[in-house]
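To start, the structure under review is shown below, and the notes come after it.
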Amino acid sequence: MMVHTVCSNTKDYYVLLCIFNVMKEEMKNKLLAELLKNSKRSDRQLARVLDSSQPTITRARQRIEREGLVRSYTIVPDWRKLGFEIMAFTFLKMRPEIRSEELIGRVKQYAAKFPNAIYVAIGEGLGMTGVVIALHKNYSEYFQQLSLFRVQWKEYIEDVKSFITVLGEGEIKELSCTYLAQALLS
């Protein structure tokens with residue numbers, strides 16, 4: 001209860017409590033920014049960078065994990081060295097009934113069969129209602145998966161459009177979360 005000895009009244013106590021909460025929030029954002037830059041650093045290394053103690057960083061890391069701000073620690077590999085040649089952004093216009101709980105469950109099961117699909121979501125834009133972002137070893141693999149999808153889900157598909165990028169060619173900004181570190185702190 002060190003706060004009570006510093007505060008002369010209840011109002012001062014709440015002001016200090018607010019300041020403490022703001023400081024905790026700032027530390028959380030700074031820690032998240034550093035983890036976005038390089039998540040393999042130890043808490044001790046992060047403490048040095050953030051001018052804090054290792055136990056404080058460990059507690060802050062545990063808190064942001066508990067709060068769900070960090071869902072996983074992963075890497076961004078060189079996709080081409082892993083054998084992937086293209087990244088396809090496939091936009092789908094699906095019939096409205098696809099949003100039923102039963103069909104969403106089936107869509108999730110279907111998407112799980114394709115580990116190369118790194119993101120699948122329902123949304124809106126460009127006249128479409130869904131998107132799939134997937135990596136493919138070559139155009140033939142992409143075409144086979146898209147053809148299979150068209151056949152198996154034909155009763156629900158109204159339109160499909162894709163945007164394909166050749167990995168390593170024409171890349172203006174690498175796919176990485178490290179850039180978000182700056183956005184988080186601004």
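Observations on the structure shown:
Rundown of residues vs (1) in contact with an Asp or Glu (Cβ under 7 Å, 6 or more places away or on another chain); (2) among the aromatic types (Phe, Trp, Tyr); (3) modelled with pLDDT of 90 or more, yes/no style:
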residue: Ile75; (1), (2), (3): no, no, no
residue: Ile86; (1), (2), (3): no, no, yes
residue: Leu92; (1), (2), (3): no, no, yes
residue: Glu102; (1), (2), (3): no, no, no
residue: Arg106; (1), (2), (3): no, no, no
residue: Ala117; (1), (2), (3): no, no, yes
residue: Gly127; (1), (2), (3): no, no, yes
residue: Asn138; (1), (2), (3): yes, no, yes
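- Residue in segment 115-145 that is surrounded by the most Cβ atoms within 10 Å (Cβ to Cβ), counting only those that are within 17 Å of the chain's Cα centre (by Cα), touching a residue at least 40 places away in the same chain (Cβ under 8 Å) and within 15 Å of Lys161 (Cα to Cα): Ala134
Yes/no matrix, rows are residues, columns are (1) part of a helix (DSSP H, G or I); (2) farther than 30 Å from Lys28 by Cβ; (3) out of contact with any His (no Cβ under 7 Å at 6 or more places or on another chain):
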site	(1), (2), (3)
Gly130	no, yes, yes
Ser140	yes, yes, yes
Phe143	yes, yes, yes
Val151	yes, yes, yes
Glu155	no, yes, yes
Thr165	no, yes, yes
Lys173	no, no, yes
Ser176	no, no, yes
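- Assessment of segment 100-114 against the conditions (farther than 23 Å from Leu36 by Cβ, of a type outside the set (Gly, Ala, Ser), part of a loop (DSSP other than H, G, I, E, B) and in contact (Cβ under 8 Å) with a residue 40 or more places away in the chain) yields no matching residue.
- Scope segment 45-90; condition under 24 Å from Ala111 (Cα atoms), among the charged types (D, E, K, R) and touching a residue at least 24 places away in the same chain (Cβ under 8 Å); matching residues: Arg80, Glu85
The values are calculated or read from the model by the stated rules, or taken from the named source; none is laboratory data. None of the values given here were measured: they were computed from a predicted structure. So basically every Cβ, Gly included, is an ideal-geometry build from the backbone, and we count neighbours across all protein chains shown.
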